[in-house]
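Comments concern the structure below.
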Amino acid sequence: MVWQRFSHSLVLSLALLIGACSPQSANARGAPDSLAPLVKKVLPAVVNIAVTETMSGGDMLSELPPELRDTPLGREFRRRFGNRREQVAGAGSGFIIDSSGIIVTNNHVVDHADKIIVSLTDGRRLPATVLGRDELTDIAVIKVETKDSLPSVTWGDSRRAEVGDWIMAAGNPFGLGGSVSVGIISAEGRDLGSGPFDNFLQLDAPINPGNSGGPVFNMEGQVIGVSSVIVSPTGASVGIGFAIPSEAVSRTVTQLLSKGTIERGWLGVSVEDRDGGVTIATLDRTGPAAKAGIRAGDVVIAINGDKIESSRGLIRAVAVVAPGNSVRVMIRRQGHEMEIPVNVGRRPTEQQAG
């Protein structure tokens with residue numbers, strides 16, 4: 001199987017358009033007889049994002065396998081391409097969240113872009129600039145300049161979404177332009193091992209290369225997720241995709257718009273799921289948890305009164321706390337429970353612990 005983030009592809013193929021649910025399913029939550037009204041409502045706010053990235057000869061040489069670099073083939077490659085600069089094209093999707101031209105997409109769509117062009121459904125093509133990016137959640141915010149008020153969509157609450165709910169994914173599969181597909185939420189809280197904040201919604205819906213960064217709507221036309229990853233043995237859709245929940249996306253977008261970067265809370269611990277709880281494995285001796293008196297072997301029960309059930313849950317609970325604020329960490333030590341206040345520090349960018 002291939003876990004693929006799918007922005008940089010312009011391979012042409014047929015876009016998939018799935019019809020609405022059958023009349024027998026009409027009593028399911030919010031499932032209409034036709035999705036046409038919903039499509040008309042939200043699709044104008046979905047955009048295509050085309051990017052170009054300049055690669056130097058040195059960049060291309062770095063992609064050459066090490067075993068070939070000192071061979072005649074490697075030397076010939078350096079001779080031909082060592083000083084060349086190439087433009088690499090890619091494409092993804094995004095959606096407008098503010099009529100002034102603010103657009104949300106995946107970070108991996110725009111992270112190396114030298115030039116970004118946004119195509120609207122009315123045919124206009126506008127240059128865009130990056131307002132902020134966050135690699136850990138794979139979210140970016142870009143903006144186009146226009147005097148016109150652009151169509152926009154609103155956030156829904158992904159915490160209210162349930163397995164079995166109907167969803168509609170929109171985007172730009174294979175660079176063909178605005179398209180939609182329909183499916184259901186088939187699982188929640190998926191960890192794909194791509195980062196410490198994995199908490200994907202699993203979607204049983206056709207999602208293809210070029211959909212990356214596109215919105216996932218509930219049947220009220222609210223964005224409850226952002227398409228980010230597909231699982232496929234071929235690189236094309238096999239009907240399973242993964243979306244970042246809107247709860248995480250909207251919070252990240254708010255911080256990016258206000259500061260341009262994300263500051264996350266940090267305790268300075270590494271944790272393990274064992275013995276039916278989240279156990280402190282090691283501590284940074286100069287970190288916030290160690291200074292507060294937390295020890296290796298302590299089992300974390302709750303943060304600010306909210307039960308902690310996994311290492312990922314602990315990391316996320318601490319990360320949303322602004323550095324400098326205090327949290328109440330409930331622990332169990334040698335059979336006794338106690339609550340310890342900890343002044344949260346600022347998470348280092350490379351730190352993968354809580």
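The values are calculated or read from the model by the stated rules, or taken from the named source; none is laboratory data. Everything numeric in this text was worked out from a predicted model, so none of it was measured. Ideal geometry is used to build each Cβ from the backbone, glycine not excepted, and the neighbour counts take in all protein chains shown.
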Single condition H112 does not satisfy, out of (1) surrounded by 24 or more Cβ atoms within 10 Å (Cβ to Cβ); (2) at pLDDT below 90: (1)
E337 vs. criteria over 28 Å from the mean Cα position of the chain (by Cα), among the charged types (D, E, K, R) and either modelled with pLDDT of 95 or more or not in a loop (DSSP other than H, G, I, E, B) (or both): yes
Test set (1) surrounded by fewer than 18 Cβ atoms within 10 Å (Cβ to Cβ); (2) among the β-branched types (V, I, T); (3) modelled with pLDDT of 85 or more - V249 fails condition number: (1)
Unmet criterion (only one of (1) surrounded by fewer than 14 Cβ atoms within 10 Å (Cβ to Cβ); (2) not in a strand (DSSP E or B)) for E272: (2)
Qualifying positions in the range 203-217 - modelled with pLDDT under 95 and of a type outside the set (A, V, I, L, M): D204, P206, N208, P209, G210, N211, S212, G213, G214
Selection status of G293, within 29 Å of V163 (Cα to Cα) and modelled with pLDDT of 85 or more: no
Positions within the range 275-303 being in a strand (DSSP E or B) and touching an Asp or Glu at 6+ places or on another chain (Cβ under 8 Å), in sequence order: V278, T279, I280, A281, V299, I301
Filter result (over 24 Å from L256 (Cα atoms) and in a loop (DSSP other than H, G, I, E, B)) within the range 120-175: T121, D122, G123, R124, A161, E162, V163, G164, D165, N172
Hits in the range 312-333 - residues which are within 15 Å of A281 (Cα to Cα) and out of contact with any Pro (no Cβ under 9 Å at 6 or more places or on another chain): L314, I331, R332, R333
Of all residues making up the range 252-269, the number that are surrounded by fewer than 15 Cβ atoms within 10 Å (Cβ to Cβ) and assigned to a helix (DSSP H, G or I): 3
